[in-house]
Amino acid sequence: MTTQESTETYPVEFVLNGRRTRVDVDPRTLLADVIRHDAGLTGLKIACEQGVCGSCTVLQDGAPIRSCITLAVQALGSDIETIEGVAPSGADLHPIQESFQREHGLQCGFCTPGMVLATKALLAENPDPDEQEIREYLSGNICRCTGYVGIVASVRDAARCANGDAASSAPTDGEGV
Ligand code: FES
Ligand code: FES
């Protein structure tokens, strides 16, 4: 039996990190592949490829999605943000990234883009999450290195920064264990 492969492509327009973007894709093309290969934005990482680990997280209209199980055509007309869009100048870190740096919320960095984006979505939804809410929200983002203590502390620090607490610049080792 032979399988007939479609060569038909479809135009997909969406906004990627603030820039209008158009790609012509096979309908089976994954959003992660368009972002990494067509747009050349390799900040998102592809690990499990089955929607489990969160390494491929991007924001679609502000909500975290897994780009490894999202078809590119599903991005049609939406606003997609990757880690590159969080601090577009490349010179200055986003305050959430500063919190992750300050509170040791990253180690190998494979999960970090997804963690930062998920944190951005969480704080937009809930500006003052408690530890349990942070852990629940980030439960779809797997880190294999840090044990989450630094990550939770980073999110709490980011929330305090966003809420104007100057004391947030002091490290809070062990908080949230
Ligand atoms: Fe997409 Fe793991 S690579 S969820
Ligand atoms: Fe997250 Fe290593 S720092 S997987």
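The values are calculated or read from the model by the stated rules, or taken from the named source; none is laboratory data. Bear in mind that the values here come from a model prediction, so they are computed numbers and not experimental data. Counting neighbours? That spans all protein chains shown, and the Cβs are built from the backbone with ideal geometry, glycine included.
Evaluate the following for GLY18: is it exposed (fewer than 14 other Cβ atoms within 10 Å of the Cβ), at pLDDT 95 or above, of a type outside the set (Ser, Thr, Tyr) and touching a helix residue (DSSP H, G or I) at 6+ places or on another chain (Cβ under 7 Å)? Answer is yes for this residue. Note on the stretch 113-149: residues that are modelled with pLDDT of 95 or more and among the basic types (Lys, Arg) amount to 2.
CYS56 satisfies every condition listed in (1) modelled with pLDDT under 95; (2) under 15 Å from CYS143 (Cβ atoms); (3) touching a helix residue (DSSP H, G or I) at 6+ places or on another chain (Cβ under 8 Å) except (1).
Looking across the stretch 37-47, the residues that are free of Cβ contacts under 8 Å to residues at least 24 places away in the same chain and out of contact with any strand residue (DSSP E or B) (no Cβ under 8 Å at 6 or more places or on another chain) come down to HIS37, GLY40, THR42, ILE46.
For the stretch 134-149, a residue qualifies if it is assigned to a loop (DSSP other than H, G, I, E, B), more than 7 Å from ligand 2 (Cβ to nearest atom) and surrounded by fewer than 14 Cβ atoms within 10 Å (Cβ to Cβ), and exactly one does: GLY147.
Could you check how many residues of the stretch 73-92 are among the aliphatic types (A, V, I, L, M) and within 15 Å of the chain's Cα centre (by Cα)? Residues in the stretch 73-92 being among the aliphatic types (A, V, I, L, M) and within 15 Å of the chain's Cα centre (by Cα): 4 in total.
Considering only strands (runs of 3 or more DSSP E) fully contained in the stretch 1-65, which possess at least 3 residues that are over 25 Å from THR119 (Cβ atoms)?
Values: elements: 10-16, 19-25, 57-60.
So the answer is 10-16, 19-25.
Out of the residues in the stretch 49-64 meeting the condition of being within 12 Å of ligand 1 (Cβ to nearest atom) and touching a residue at least 24 places away in the same chain (Cβ under 8 Å), tell me which one is nearest to VAL12 (Cα to Cα). So, considering only residues that are within 12 Å of ligand 1 (Cβ to nearest atom) and touching a residue at least 24 places away in the same chain (Cβ under 8 Å), the one nearest to VAL12 (Cα to Cα) is VAL58. Every condition in (1) under 15 Å from the mean Cα position of the chain (by Cα); (2) more than 16 Å from ligand 1 (Cβ to nearest atom) holds for GLN107 except the one numbered (1).
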